[in-house]
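Undergrad: Sharing a structure here in structure tokens format.
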Amino acid sequence: MLTVNLRALGRKEPQPADRRPRRGAMGLKRAPGRVPEARVTRTPPPPREAETPFPPDDELVRETLAGSEEAFVTLVKRHEDRVFTVVYRLVSNREDAEDVTQEAFTKAFARLSSFTFQSAFFTWLYRIAVNAAADFMKQRRRRRTTPLDDVAETVPLPGGASSRPDRSATRSEVRERLKGLIAELPPVFRTVLVLRELEDLPYEEIARIVGCSIGTVESRLFRARARIRDGLAPFLRASGESSC
């Protein structure tokens with residue numbers, strides 16, 4: 001079994017932006033045997049429109065399956081920022097997100113032989129991470145989540161709630177209400193909302209990640225937006241805004 005210590009990667013938190021990142025080493029352990037260790041120098045992840053990284057993910061997967069632990073270290077370094085970001089936006093707590101991200105990479109390594117190369121490696125990895133986050137959210141439904149500022153700041157307000165300076169207080173209040181509504185969404189609705197509104201993924205890729213049809217994705221997204229719109233409507237009316 002391989003253990004990937006992601007907490008020691010020196011992850012940059014999605015927020016606040018001015019917090020100094022921690023640095024450390026990532027240890028990989030295969031039992032029984034030696035404990036290889038790789039020193040990671042953190043660099044910003046490439047933009048989505050960047051060219052395919054070298055070596056390609058598929059090549060690294062094949063090298064890992066052939067026994068190269070260094071190849072898997074490279075895969076983790078390449079994708080852990082984006083995996084952590086989407087998990088954080090789903091579970092809404094940094095330490096929980098680190099635990100879930102750790103679990104996702106551990107599961108990915110254990111299941112690597114099941115990767116068929118029919119889709120992008122990251123899509124396959126995303127699905128593992130999203131499922132791990134969904135399982136975590138189901139187990140934690142009795143607890144209230146904290147903070148949801150990333151999601152609330154990105155999801156459009158119904159009717160384009162005013163951003164004029166004289167309405168700034170109202171807009172702030174609406175955002176607080178929005179965070180509460182997102183926290184109350186069932187995991188299946190919240191997942192597609194995050195993948196679409198924050199990750200900006202196309203419907204086809206979301207469908208592959210969550211393992212359902214495009215129609216189901218569209219239906220869940222519609223229902224998630226409707227719940228938020230309906231939940232905000234009374235608040236907006238009381239505040240003098242329109243929810244139409």
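Undergrad: Which of the following residues is modelled with pLDDT under 95, surrounded by 15 or more Cβ atoms within 10 Å (Cβ to Cβ) and not small (Gly, Ala, Ser): 61, 87?
TA: 87
Undergrad: Taking into account only those residues within segment 188-222 that are among the charged types (D, E, K, R) and within 17 Å of residue 178 (Cβ to Cβ), which is surrounded by the fewest Cβ atoms within 10 Å (Cβ to Cβ)?
TA: 197
Undergrad: Can I ask one more? Going by the conditions given, is residue 127 touching a Gly at 6+ places or on another chain (Cβ under 8 Å) and within 21 Å of residue 208 (Cβ to Cβ)?
TA: For residue 127, the condition - touching a Gly at 6+ places or on another chain (Cβ under 8 Å) and within 21 Å of residue 208 (Cβ to Cβ) - is met.
The values are calculated or read from the model by the stated rules, or taken from the named source; none is laboratory data. All of these numbers come straight from a predicted model, not from anything done at the bench. Every residue, glycine among them, receives a Cβ derived from its backbone with ideal geometry; neighbour counts consider all protein chains shown.
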